[in-house]
Amino acid sequence: MATPTNIVKFLVRRGTDSDRLSVVLAEGELGATTNTPRLFVGDGVTPGGNPVASKMHIVTNFSHPYTNYVLQGDMVFNTSDNHLYALTGTSNNLSAHYIFIGR
């Protein structure tokens with residue numbers, strides 16, 4: 001197997017989640033949050049970019065709002081009753097924006 005001769009280094013814009021929300025990442029530009037380890041990719045329009053992947057949050061007493069860092073597509077597992085929820089809406093502080101997935 002041949003050894004790669006070219007190494008590409010990507011520069012990633014870094015800052016807190018509130019820093020991220022104050023900028024519009026250029027199309028294809030990467031941004032990472034330092035206080036909520038996430039990676040975002042810009043589309044040139046959306047403030048803060050779009051998350052690259054969803055996360056699983058594990059809590060002992062799930063109540064709304066869970067945290068400011070739950071984003072659409074994330075799942076929350078409540079260990080006190082073994083229920084799994086997903087944030088399908090755009091607001092993490094409205095219980096109607098979460099759906100119950102199962103036990």
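The values are calculated or read from the model by the stated rules, or taken from the named source; none is laboratory data. Keep in mind that this is a model prediction, so the values were computed, not measured. In case anyone asks, the SASA skips ligands and DNA or RNA and just uses the protein heavy atoms, side chains included. Shrake-Rupley method; radii C 1.70, N 1.55, O 1.52, S 1.80 Å.
For segment 71-80, what does the Karplus curve 6.51 cos²θ - 1.76 cosθ + 1.60, with θ = phi - 60°, yield as ³J(HN,Hα) per residue in whole Hz, taken in order and with x for Gly and Pro?
With coefficients 6.51, -1.76 and 1.60, one gets 10, 3, x, 6, 10, 10, 9, 9, 6, 6 Hz.
Can you give me the Kirkwood hydrodynamic radius for the chain, using every pair of distinct Cα atoms, in Å to one decimal?
15.3 Å is the Kirkwood radius here.
Mind ranking 69, 98 by accessible surface for me, highest first, 1.4 Å probe?
In descending accessible area the options line up as 69, 98.
Return the long-range amide H neighbours of residue 83 (sequence gap of 5 or more, or a different chain), with a cut-off of under 5 Å between placed amide H atoms.
Here 78 satisfy the definition.
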